[in-house]
Amino acid sequence: MPKYLWQVTYSTIGAAGLQKEGGSARRDAVTRMVESIGGTVESCHFALGSHDMFVIGTLPDNIAAAALSIRTAAEGAARSESITLLTPEEIDEAVNRPTEYRKPGAE
């Protein structure tokens, strides 16, 4: 299954909910959400900086990732950015896959 990194940024509403529920309750809610669509959560971390939470997990496909992103945004408490993660072996396969390319300005 594809692996993803989700960068989550809370809105004012989401931060208030986090303050009320706490971090472990939020982690559990995120885990339930990901599992409800057939995925798993490997790790969940809160952070200081431009993003409030980072989650690493797997999902069946990009459609499941889109469903989670849309649902999260529709609720208005957080915005998440999904980043597909690749293994070193997948990069090996990618760099060895024949690809036709012409750089701009080349004949």
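Some points to look at:
- Scan of region 84-107 for residues that are assigned to a loop (DSSP other than H, G, I, E, B) and open to solvent by less than 100 Å² (accessible area, probe 1.4 Å), ordered by number: Thr87, Gly105, Ala106
- Failed item in (1) more than 18 Å from Val41 (Cβ to Cβ); (2) in contact (Cβ under 8 Å) with a residue 60 or more places away in the chain, with Arg97 passing the rest: (2)
- Count of residues meeting criterion [surrounded by fewer than 16 Cβ atoms within 10 Å (Cβ to Cβ), within 11 Å of the chain's Cα centre (by Cα) and not small (Gly, Ala, Ser)] in region 55-75: 1
- For region 12-37, the set of residues classified as open to solvent by 40 Å² or more (accessible area, probe 1.4 Å) and in a loop (DSSP other than H, G, I, E, B) consists of Ile37 only.
- Counting only residues that are within 12 Å of Gln7 (Cα to Cα) and small (Gly, Ala, Ser), region 55-90 holds 5 of them.
- Scan of region 54-67 for residues that are in a helix (DSSP H, G or I), of a type outside the set (Gly, Ala, Ser) and in contact (Cβ under 8 Å) with a residue 40 or more places away in the chain, ordered by number: Asn62
- For Leu48, the criteria (1) surrounded by 15 or more Cβ atoms within 10 Å (Cβ to Cβ); (2) of a type in the set (A, V, I, L, M, F, W, C); (3) assigned to a loop (DSSP other than H, G, I, E, B) hold in every case but one, which is (1).
- Restricted to region 31-54, and to residues there that are aliphatic (A, V, I, L, M) and more than 11 Å from the chain's Cα centre (by Cα), the residue that is farthest from Tyr4 (Cα to Cα) is Leu48.
- Taking the conditions (1) touching a residue at least 24 places away in the same chain (Cβ under 8 Å); (2) in contact with a Cys (Cβ under 9 Å, 6 or more places away or on another chain); (3) of a type in the set (S, T, N, Q) in turn, Thr31 satisfies each one other than (1).
The values are calculated or read from the model by the stated rules, or taken from the named source; none is laboratory data. Just so it is clear, the structure is predicted and the values come from calculations on it, not from any experiment. Because the Cβ atoms are built from the backbone with ideal geometry, glycine has one as well, and the counts that use them run over all protein chains shown. Protein only, heavy atoms only, side chains kept; ligands, DNA and RNA dropped before computing areas. Shrake-Rupley method; radii C 1.70, N 1.55, O 1.52, S 1.80 Å.
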